[in-house]
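Presented below is the structure to which this report refers.
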There are 4 protein chains.
Amino acid sequence: MSSSKSLRAGIVGFRGYSGQELIQILHRHHYVAGVELEHRSDSANATPLSGQTVKDLGLAVVLLATPPEASMELTAEFLEAGAKVVDLSGAFRLKTVENYSRWYKETHTAAKLLDEAAYGLPEFYRNTVRHARLVSNPGCYPTAANLAIRPLVQAGVVKLDSGIICDAKSGVSGAGRKPSMKTSFCEVTENFSAYSLLDHRHVPEVLQNSGLEESQFSFTAQLIPIDRGILETIYFRRANAADLSQIYRDAYANEPFLRIHPPGKVPDLHSVRRTNFCDIGFSEQPDGRVVVVAAIDNLVKGAAGQAVQNMNLILGFEETEGLL
Amino acid sequence: MSSSKSLRAGIVGFRGYSGQELIQILHRHHYVAGVELEHRSDSANATPLSGQTVKDLGLAVVLLATPPEASMELTAEFLEAGAKVVDLSGAFRLKTVENYSRWYKETHTAAKLLDEAAYGLPEFYRNTVRHARLVSNPGCYPTAANLAIRPLVQAGVVKLDSGIICDAKSGVSGAGRKPSMKTSFCEVTENFSAYSLLDHRHVPEVLQNSGLEESQFSFTAQLIPIDRGILETIYFRRANAADLSQIYRDAYANEPFLRIHPPGKVPDLHSVRRTNFCDIGFSEQPDGRVVVVAAIDNLVKGAAGQAVQNMNLILGFEETEGLL
Amino acid sequence: MSSSKSLRAGIVGFRGYSGQELIQILHRHHYVAGVELEHRSDSANATPLSGQTVKDLGLAVVLLATPPEASMELTAEFLEAGAKVVDLSGAFRLKTVENYSRWYKETHTAAKLLDEAAYGLPEFYRNTVRHARLVSNPGCYPTAANLAIRPLVQAGVVKLDSGIICDAKSGVSGAGRKPSMKTSFCEVTENFSAYSLLDHRHVPEVLQNSGLEESQFSFTAQLIPIDRGILETIYFRRANAADLSQIYRDAYANEPFLRIHPPGKVPDLHSVRRTNFCDIGFSEQPDGRVVVVAAIDNLVKGAAGQAVQNMNLILGFEETEGLL
Amino acid sequence: MSSSKSLRAGIVGFRGYSGQELIQILHRHHYVAGVELEHRSDSANATPLSGQTVKDLGLAVVLLATPPEASMELTAEFLEAGAKVVDLSGAFRLKTVENYSRWYKETHTAAKLLDEAAYGLPEFYRNTVRHARLVSNPGCYPTAANLAIRPLVQAGVVKLDSGIICDAKSGVSGAGRKPSMKTSFCEVTENFSAYSLLDHRHVPEVLQNSGLEESQFSFTAQLIPIDRGILETIYFRRANAADLSQIYRDAYANEPFLRIHPPGKVPDLHSVRRTNFCDIGFSEQPDGRVVVVAAIDNLVKGAAGQAVQNMNLILGFEETEGLL
């Protein structure tokens, strides 16, 4: 952390994979220094985090790489103490407590912040994010899905009654750092497995932002034996003959982190590894069947990179600072 | 190869991954000994294979783990010399030369054998296979796809105008043993990539056997960084409320190599690794969306195991001999 | 478990990797059926295992795939009830309680069984094992190390004052099935790490069986990002010009599970994967430097396979039954 | 390549793994822009590279990520045209043509440049490199080996008659990008293999720089199923009681890319992945046995990173520019 950096960002949950990635990205940031904050659950005799922490350390922003329960508990105090907050958990992504209870199977304990939280997908909500105190960083799967799907739905090119299929695959770091049988080396290597078939908790984020209804969107998550990366293979049938390349070009003109491949070419995970890019490509048949492939690094554009992108927006820095 | 084995099976292409798997399976077979046959393309000064080979070595059957061109060249002579043939290539899977030319991008040179070739998916065509001289062993992807899809289509439970999506993933051995950039370690590891989007040459095998039309079936192949295994995630919308478990139970009662999971449970690749099983599971939503997951080992049920299953049928052995 | 099998073997610790391997191997055994025994620590309300279990279930032998503490607790009772015991833990491998305390950092609670326990490396102690009630199955690393080193030491070809180096590498299953940070996928993949440098608890097993003194044997264990397999690279300087191939041939004539490569050729892990073989090769320079490479599958020859080999010996079956 | 960069570096062999890494590192360099040069062997109708290329493009330096034959062919012309050359091949590492012929099994065709070539291990030869026209970038294995071993040998702490053992392990990118059976995914995954036992062509680089005699240094190379990284486990016996930490601290005080671990702690490959660091740690026993572990990224400190470090030295930039 160079002493010439003018602002400080607190990082809660810095030992997890997203937290570690935040630290690395902020090392490359010219203006913001990362400060590791010891959350009380991490250590018995640490001082509890509070608004006072923000004041004592002079934090301009706090980045929460924590589970939703911790984010719901900490956010209000940090905001009141004058810091901006970018929350990487699912706590503030859904717009209603009912929706939260349904998908996260627990009660929301910070409901009054839901209205205020800006959904931090800059490609769609850049101006809202710029003026927000609280930014809810999108889930890894919905980041790729919304970037690939929303322009198509909005352009009316999707035959909605046939639905959109999103077959998603993720590297193991998406499951977090805590050891479990599911993420144990011998269980993952030489394997490939599907989970949360049609009912993953990231589904409502896609519905909320793309305008799709639940019955129109089929989503399955799957585990690839690699450490990082998300590739989503998306299928739909055309409602009309609109030019797909043009739809994407119109949606993402001048976007620094979106790369659209020429027709017939699709990205793989090496294309986006350790970058904040979302790469999108597609292939189609004359009978109207289309397949779109979207790829991101789940720890960068799917988590820490996008969080810094949002942080840059709310602090008034160049959006790409630290990310190229 | 125990001397007590009563019959001999020639193996052409024994150095490839399917050929090696054939050798291993036949080691466990009580009645048939494998004999490695040196194809002339493998070695400059070897005696060319011919009908005489069959007679000299007393081969009851020849297993061709060769490219289609070699299979088209060798099959007729072996049959005339009195051997049965199980061909693992794509040479005899499609029913017309037109279809072959379209998907394999080359002319068929053994067209008169197409009518005679039995499609070796025993779960559907067991009786035809039993009486065939020439069995065309199915492709790896179509084996899983047809086993998962055909009972559903035949039961009328699939809403055909919305189509069926088959998002397929394969281990690297499916690409064969010849070194290439595509299968090079550093290109595959920590990667995941899609290829042959909507136009893989295995598509017509699924259409031909399931009764689907091309516009109703969207198929994408993808490479997992593992050595073996195919997992297919299949999406469709229900046309009626028929019981899916019952459909599969009716289709596969007493099948030795099909295992249907209880509703809501799906297989992973460890479930079927190094076995001849095809495992199938599904999950569904009340609004009619269904996802089916089918898993096989591409070198066993997807190639060598199924070839031995077919060999057992044409030679009159127990179908499971050497395979459990 | 076929009903035609005449004897039953209890398996304690059947959920671990070695336990699962025992179940698979016994499935292929013609005479012994495996019976899964629920150890009380596995389940709160299960009946505790005891000598009565042996009598109730008619167990000829109990295979303990348990931690040392459980083995020390259970063995005496099983023996008294009339079963033979093959213990896969480290509980009975070392000959003195002092040595056990030093290397395992805990007190031995079944000291009176130490004298009786036969060290189950059949290639060296076959006749002792045949007459034992209690067989202590060797550690995975010492199995390969002793098989590679002991014939050389006994033949006097090793320059002892320069010492023997054993640089050992193991797949992750060697660390057991319990999830931990050390065996978590993201920590292991794309990594390689050394641990227990010069003081691994398997060292005294090598000293005890090879005749080396501690200062003559340098051992380091390392983790390869694969699921199974141990490869040991062993270095020494020659004390004389004896023919190494001949030394190994003399030591292992007629051994069913030892394969000695020709000079200059060494095995890799694919050579022994999922087999009970120990493969050994070497390369040397005219100035007397020698490198030996030994490879085994840590779950087979390094654990469950060797346990069944020992079980076969104590029950009077062909030593290779179920293992080829 | 930013237009504000003041100098240009030509890269020959830019499609290989080292070449790609050079491009990435130079992207981060503030003063030197990388220029991809099409070597004539890469493309039939390209203009052959020559001294004229240097003049036409204004190249201050040429980085050769080529096989030795190409480096021997191109270097003289580039030098004469006024460029500095950093050669990543083995062409100029050994000091005599006899040594080159012995280890590389071919005749040296640019013998008169051997005297001039500076061996580019900056930690030992920084001042020589600074004034060189031609820098021979060390091999990946010798970089780690020399950094770990030379200070020990020079301090006299190694008992030379017992020898030093270097058991080296490398990721697959060390074998280059050209597809081969040896680097094919299915051959490498779930495997671990040794090659070039005691006679790897990198051995003489270690002898030449450490002062060891051939009979005192045993080296084996091994392939880990990962893409990048070298870990070397080094064994020796002490000749005296000198403090090893102090030896390393004295040797590497103020070195920007050397990190010495505290006694008993050793690095793994994640420690150095995608960095130009060489991490060194050790563990020892009271009887004088020592094991040292050294880790580098073979494509960075073992190739492209060190090449840029050398380039910085010969061009007069801060040695760490582009590398931290």
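Taken about its Cα centre, the protein assembly as shown carries a charge dipole of roughly 0 debye when the Cβ of each Lys and Arg holds +1 and the Cβ of each Asp and Glu holds -1.
Near D:PHE78, once Lys and Arg are set to +1 and Asp and Glu to -1 for all other residues with Cβ below 11 Å from its Cβ, the sum equals -1.
Which percent of the accessible heavy-atom area of region B:140-298 goes to carbon and sulfur, probe 1.4 angstrom? It would help to have the intermediate numbers written out before the result.
Working: 2210 of 4690 Å².
Accessible surface attributable to carbon and sulfur in region B:140-298 totals 47 percent.
Protein heavy-atom surface of region B:1-105, 1.4 angstrom probe: 50% of the accessible area is carbon and sulfur, with nucleic acids and ligands not counted. Across chain A, Cα pairs under 8 Å and at least six residues apart give a relative contact order of 18 percent.
Using only atoms on other chains, find how many Cβ atoms lie within 10 Å of each Cβ of peptide C:212-221 and report the average. Could the numbers behind the result be given before it?
Values: counts 0, 1, 3, 6, 2, 1, 10, 3, 7, 0.
The shielding value for this peptide is 3.
Solvent exposure of C:GLU69, expressed as accessible area, is near 90 Å², computed with a probe of 1.4 Å over the protein chains only. When the other protein chains are added to the chain by itself, burial of at least 50 square angstrom of heavy-atom accessible area (probe 1.4 Å, ligands and nucleic acids ignored) affects these residues of region B:232-246: B:TYR235, B:ARG237.
Let me check something: with ligands and nucleic acids excluded, how do D:CYS166, B:CYS140 order by accessible area (1.4 Å probe), largest to smallest?
Details: D:CYS166 0, B:CYS140 20 Å².
Largest accessible area first, the residues go B:CYS140, D:CYS166.
Rolling a 1.4 Å probe over the protein chains gives C:THR275 an accessible area of about 30 Å².
Counting only protein chains, not ligands or nucleic acids, how are D:LYS265, B:LYS169 ordered by accessible area (probe 1.4 Å), most first? Don't jump to the answer; show the numbers that get you there.
Working: D:LYS265 120, B:LYS169 0 Å².
The ordering from most to least exposed comes out as D:LYS265, B:LYS169.
Computed about the Cα centre, the dipole magnitude for region A:41-144 is approximately 360 debye when only Lys and Arg (+1) and Asp and Glu (-1) carry charge, each at its Cβ. Under a straight-distance cross-link criterion of Cα-Cα below 25 Å, which lysines are reachable from C:LYS55, leaving out those fewer than 8 residues away in the same chain? Straight-line reach from C:LYS55, under 25 Å: C:LYS5, C:LYS84, C:LYS112.
For the chain pair C and D, the interface hides roughly 3800 square angstrom of accessible area in total, found with a 1.4 Å probe.
Solvent-accessible surface of region C:140-298, averaged per residue with a 1.4 angstrom probe and all protein chains in place: 29 square angstrom.
In region A:191-210, the residues that give up 50 Å² or more of accessible area when the other protein chains are added, compared with the chain on its own (1.4 Å probe), are A:ASN191, A:PHE192, A:LEU197, A:LEU198.
Computed over chain D with a Gaussian network model linking Cα atoms closer than 10 Å, the most mobile of D:ALA241, D:ALA118, D:ALA307 is D:ALA241.
For region A:262-307, heavy-atom accessible area (probe 1.4 Å) falls by no less than 50 Å² from the chain alone to the full protein assembly at A:HIS270, A:ARG273, A:ARG274, A:GLN285, A:ARG289.
Across peptide C:162-168, how many C-beta atoms of other chains are within 10 Å of each residue C-beta, on average?
On the way: counts 6, 10, 0, 11, 2, 11, 2.
That works out to 6 on average.
How would D:HIS39, D:HIS131 rank on accessible area, largest to smallest, probe 1.4 Å?
Most to least solvent-accessible, the answer reads D:HIS131, D:HIS39.
The values are calculated or read from the model by the stated rules, or taken from the named source; none is laboratory data. Note that the structure is predicted; figures quoted are calculated from it, not measured. Counting neighbours? That spans all protein chains shown, and the Cβs are built from the backbone with ideal geometry, glycine included. Calculation scope for accessible area: heavy atoms of the full protein, side chains included, ligands and nucleic acids excluded. Shrake-Rupley method; radii C 1.70, N 1.55, O 1.52, S 1.80 Å.
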